[in-house]
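What follows is a single structure, written as structure tokens, with notes after it.
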Amino acid sequence: MCNGSASPRAGTTVDDGPPARQLMKFLRQYQERLQLEHGWQVELGCSNCGHSALPNFRGWSPNRALCFSERPTVFANISCSNCGNDLRKEAGKRLVSMFSAVAPPPANRRLVGWFTGLLVGIPLLLLGILFTGVQADWWGYQAFVLFAALSVFVGPVVMGFNYRVASIRRECVCRRPNYIFMGQLGRSNCYRCASCGNLLRLRD
Ligand SMILES: [Zn+2]
Ligand SMILES: [Zn+2]
């Protein structure tokens, strides 16, 4: 990808590559930042054999999330370390008891507010202005084409929002953030820091 026009200086953190490479770099960072680490590091009691311990974790599988108010959705494939019984249901109950009282951090709520404002407020405002303009004969109906063009910005706004929200779980009070994704409660994601046990609930 190097066109040889610039002499590369070894060991420097340059950020003056060609735009395409910049974009690729950004997209890679974006993906990295959004990546979830699935896991389950909390003890569960088995309804089959009564054994209470850390369950066996074997990756995760998609689970059709039903975004009701506080309904838990667990994606981790977890089973009893004693009898092999599937413990997803128990994990769901545990998720509720662990996270119902946890509120998303203020930074997250602010972001959701901004996001909603940008994606709902601004289009509504523009529609209002356009419509008033048409009625007052300032411009014709073609002005609505402009409104359609606005949809181009939806993608970057969504990406920016996701990136900022994902950045929240890059920090922790213990300074060794290692947030493991445990599942969803309603429409928010539940994380637990593997370093200190801190719980984090995010709307993303
Ligand atoms: Zn068991
Ligand atoms: Zn921590």
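Worth a mention:
- Relative contact order (%) - criterion: Cα under 8 Å, at least six apart; region: the chain: 23
- The chain - mean residue ellipticity at 222 nm from DSSP helices (-39,500 (n - 2.57) per run, n ≥ 4, rounded to 500): -11500 deg cm²/dmol
- Across region 44-99, Cα pairs under 8 Å and at least six residues apart give a relative contact order of 37 percent.
- Dipole of the chain, positive direction: furthest Cα of I78, F161, S47, with charges on the beta-carbon: S47
- Residue-wise HN-Hα coupling along region 45-57, computed from phi with Karplus coefficients 6.51, -1.76, 1.60 (Hz; x: Gly, Pro): x, 8, 6, 8, 10, x, 5, 10, 6, 5, x, 6, 10
- At 1.567 mPa s and 4 °C, Stokes D of region 44-99 from Kirkwood alpha-carbon radius, µm² per second: 111
- Note that the chain, at 25 °C in a medium of 0.890 mPa s, gets a Stokes-Einstein diffusion coefficient of 118 µm²/s from its Kirkwood radius over C-alpha pairs.
- Annotation for region 51-128: trypsin sites (Lys or Arg not before Pro) lying in DSSP loop with at most 12 further Cβ atoms inside 10 Å of their Cβ are R64.
- Cα convex hull of region 106-202, projected area averaged across orientations, nm²: 7.7
Since every read-out is calculated from the coordinates, none of them should be taken as a lab result. Small disclaimer: the values here were computed from a predicted structure and weren't measured. Don't worry about glycine lacking a Cβ; one is built from the backbone with ideal geometry, like all the others, and counts go over all protein chains shown.
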